[in-house]
There are 2 protein chains.
Amino acid sequence: MSKTPTPPPALTRRGAATRARIIETAADLIHAHGAERTSLDDVMEAGGFSKSQLYHYFSDKNALVLEVIRFQTERVLAAQDPHLGTLDSLYALRRWRDALLAINAAGGTTGCPLGSLASEVSNDFETARLDCAAGFAKWSGLLELGFARMQARGEIGPSADPHSLGIAVLSAVQGGLLLAKTARSGEPLRIALDMAIAEVARHTTTGAA
Amino acid sequence: MSKTPTPPPALTRRGAATRARIIETAADLIHAHGAERTSLDDVMEAGGFSKSQLYHYFSDKNALVLEVIRFQTERVLAAQDPHLGTLDSLYALRRWRDALLAINAAGGTTGCPLGSLASEVSNDFETARLDCAAGFAKWSGLLELGFARMQARGEIGPSADPHSLGIAVLSAVQGGLLLAKTARSGEPLRIALDMAIAEVARHTTTGAA
DNA sequence: ACCGAACTGGACTTGACAGTCCAATTCCGC
DNA sequence: GCGGAATTGGACTGTCAAGTCCAGTTCGGT
């Protein structure tokens, strides 16, 4: 579908609530099954909406998928609060690690909601790829901010590149989550996160491991 | 589709060649578009087969997808030869890294053929998940073998765990490839691989970086 | 109280897609 | 050379799925 996603007209409170519920229902199903294997009928049945409601709020299925990407980006980042937003030390980084492992264990190793979507859409759905890339950039940007704070405080040496560290850590997260999803085991994420932390620790001025 | 994949009956040379071509054609399309967005008609048109040929060699689409997973596992590992199979030093690991970056650059950052499939199938297609997990295990097992050789030669210290290092390195690869695919940039893979190498280097007995 | 816009229900259309089936062709073993 | 199994061609069926359309209901502003 090639319609540009129309900015929604002014919604009533009731309309906004319905739209939000559609997005959340779709997000859950798409995370479990993938966008292609989630039909609009599935979303209708799971959330109790009608077809007219779907097409009242979204021009087509792709428009809904784009909203799901934005929603999952916010939800995935929010789930890492307050750890991600206040990252400023190796100690805080370890707290963030522990929180991620707990989230993954509680969620049943079904993979990263944003990462799985990014993998699925990036070769064929350009607007979706850009939105996923923006989501990853936001995520690694928050990590970068934390590493920059650590550098400003002198915990990380001046030669370290907070941008690269942010990308390295996010790579470890995504790879660990993918292997965890495939193996149905928390081990890969734990190992990947420990590598990521060791990478950051390598740049600390005390060389603490 | 719930039919168990029937082991193929004895094939003539011609039949075996056709079957292999179907698998390779399907593998290329599935890598570009994903399994769900690749129809059997797409495979037929791309490879010049008929529907009867597809169903002569494969009980259903899922059986074909399983063969594609096995094919991609072998092809992805073979593409890293000789580097992956002869890994026995930090120097060799760096040669492997360079080869992976070159492969990714040449392939156009379309993601890992095995990783993308693993992400797509792992929540809903159990046999496929197991085959992808086996593929990842084979890959990390080869890395582990290399790290075990390095440990046996004394290049890596006795407290290092080659198994964990194998998983850590593969996590970096998969995460780097996913971010590279999403960003359409080689940077994330390069950064992720350098983190992985630093992680292995951290365990070397000379502490060389 | 009424009107109109927003919201909701659900029947329907069209095309895609996996899979089935009938039949023709090819080729290898005897 | 022939027979039969393997291979190939392609029409067809049934179901799924995105999207359209008509109409009823709700609710807020006037």
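Any read-out appearing in this document is the output of simple, stated calculations on the displayed coordinates, not a laboratory observation. Note that the structure is a prediction, hence the values are computed from the model and not measured. FYI the Cβ positions are ideal-geometry reconstructions off the backbone, even for glycines, and counts take in every protein chain you see.
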Original post:
Distance from the Cα centre of the stretch A:88-105 to that of the stretch A:123-140, in angstrom?
Top reply: 24 Å
Subject >> Rounded to whole Hz, the Karplus (6.51, -1.76, 1.60) HN-Hα couplings of the stretch A:50-64, x for glycine and proline >> reply: 9, 4, 4, 5, 4, 7, 6, 9, 10, 5, 6, 4, 4, 4, 5
Original post:
Quick one: label points 7 angstrom along Cα→Cβ at B:Asp81, distances to the other copies in nm, smallest first?
Top reply: 5.2
Original post:
Where Rh is the Kirkwood radius over the Cα pairs of the stretch B:102-144, the temperature 25 °C and the viscosity 0.890 mPa s, what D in µm²/s does Stokes-Einstein return?
Top reply: 217 µm²/s
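Please report the relative contact order for the stretch B:13-58, taking Cα pairs under 8 Å with a sequence separation of at least 6, and give it as a percent rounded to a whole number. Please list the in-between numbers first.
Numbers: 21 pairs, mean separation 16.8, N = 46.
About 36 percent, as a whole number.
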**OP:** Could you work out how far helix A:13-33 tilts from the main Cα principal axis of chain A, as a 0 to 90 degree angle to the nearest 10?
**Re:** 60 degrees
Subject >> Cα-based convex hull, the protein assembly as shown, per residue volume (Å³, whole number) >> reply: 155 Å³
Subject >> Alpha-carbon centroids, the stretch A:106-122 and the stretch A:181-202: separation in whole Å >> reply: 16 Å
Subject >> Calculated on alpha-carbon atoms, Rg and Dmax of the stretch B:68-202 in Å >> reply: 14.5, 44
Subject >> Residue of A:Ser52, A:Ser185, A:Ser116 that the Gaussian network model of chain A assigns the largest fluctuation, springs spanning Cα pairs under 10 Å >> reply: A:Ser52
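Under Stokes-Einstein, with the Kirkwood radius over Cα pairs standing in for Rh, what whole-number D in µm²/s applies to the stretch A:169-209 at 10 °C and 1.306 mPa s? Let's see the in-between values first.
On the way: Rh = 10.5 Å.
It comes out at roughly 152 µm²/s.
Among all lysine pairs in the protein assembly as shown that are eight or more places apart or on different chains, how many have alpha carbons less than 17 angstrom apart? Each step should come with its number before you reach the end.
Values: A:Lys3/A:Lys61; A:Lys51/A:Lys61; A:Lys138/B:Lys181; A:Lys181/B:Lys138; B:Lys3/B:Lys61; B:Lys51/B:Lys61.
Number of lysine pairs found: 6.
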**OP:** For each of A:Asp41, B:Asp88, count neighbouring Cβ atoms within 10 Å of the residue's Cβ, then give the residues from fewest to most.
**Re:** A:Asp41, B:Asp88
Original post:
Using the alpha-carbon atoms, what tilt in degrees (0 to 90, nearest 10) does helix B:90-107 show relative to the longest principal axis of chain B?
Top reply: 40 degrees
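To the nearest 20 Debye, how big is the dipole of the stretch B:68-202 about its Cα centre, given +1 on the beta carbon of each Lys and Arg and -1 on that of each Asp and Glu?
On the way: 13 positive and 14 negative charges, 59 e Å.
Charge dipole, the stretch B:68-202, about its Cα centre: 280 debye, nearest 20.
Under a Cβ-Cβ cut-off of 15 Å, what is the net charge of the residues other than B:Leu130 that fall near it, where Lys and Arg count +1 and Asp and Glu count -1? Could the numbers behind the result be given before it?
On the way: positive: A:Lys181, A:Arg184, B:Arg70, B:Arg129, B:Lys138; negative: B:Glu67, B:Glu120, B:Asp124, B:Glu126, B:Asp131.
With Lys, Arg at +1 and Asp, Glu at -1, the net is 0.
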Subject >> Rel. contact order, % - alpha carbon contacts under 8 angstrom, at least six apart, chain B >> reply: 19 percent
Original post:
Roughly how big is the stretch B:38-141's charge dipole about its Cα centre, with Cβ charges of +1 (Lys, Arg) and -1 (Asp, Glu), in debye to the nearest 20?
Top reply: 380 debye
Original post:
If you line up the long axis of helix B:187-202 against the longest principal axis of chain B, both from Cα atoms, how many degrees apart are they, to the nearest 10?
Top reply: 50 degrees
**OP:** For B:Ile156, enumerate residues with amide H under 5 Å from its amide H, sequence gap 5+ or separate chain, H modeled in the peptide plane.
**Re:** B:Gln151, B:Thr205
**OP:** Just the ratio, please: alpha-carbon radius of gyration of the stretch A:13-58 over 2.2 N^0.38 Å, N its number of residues.
**Re:** 1.06
Subject >> Net charge contributed by nearby residues that have their C-beta within less than 14 Å of B:Met195 (K/R +1, D/E -1) >> reply: -1
Original post:
If we count other beta carbons within 10 Å of each Cβ, what is the order of A:Ile22, A:Ile191, A:Ile103, A:Ile197, fewest first?
Top reply: A:Ile103, A:Ile197, A:Ile22, A:Ile191
Original post:
Please identify the trypsin sites (Lys or Arg not before Pro) of the stretch B:145-209 that satisfy two criteria: DSSP loop assignment and at most 11 other Cβ atoms within 10 Å. Which are they?
Top reply: B:Arg153
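Only counting other Cβ atoms within 10 Å, I'd like A:Thr38, A:Thr109 sorted with the fewest neighbours first. Working shown, then result.
Values: A:Thr38 23, A:Thr109 20.
Ranking A:Thr38, A:Thr109 by Cβ neighbours within 10 Å, fewest first, gives A:Thr109, A:Thr38.
Find out how many positive minus negative residues lie around A:Ala168, taking Lys and Arg as positive, Asp and Glu as negative, among other residues whose Cβ is under 12 Å from that of A:Ala168. Before the final figure, lay out each step's value.
On the way: positive: A:Arg202, B:Arg190; negative: A:Glu144, A:Asp161, A:Glu199, B:Glu187, B:Asp194, B:Glu199.
Around A:Ala168, the surrounding residues sum to -4.
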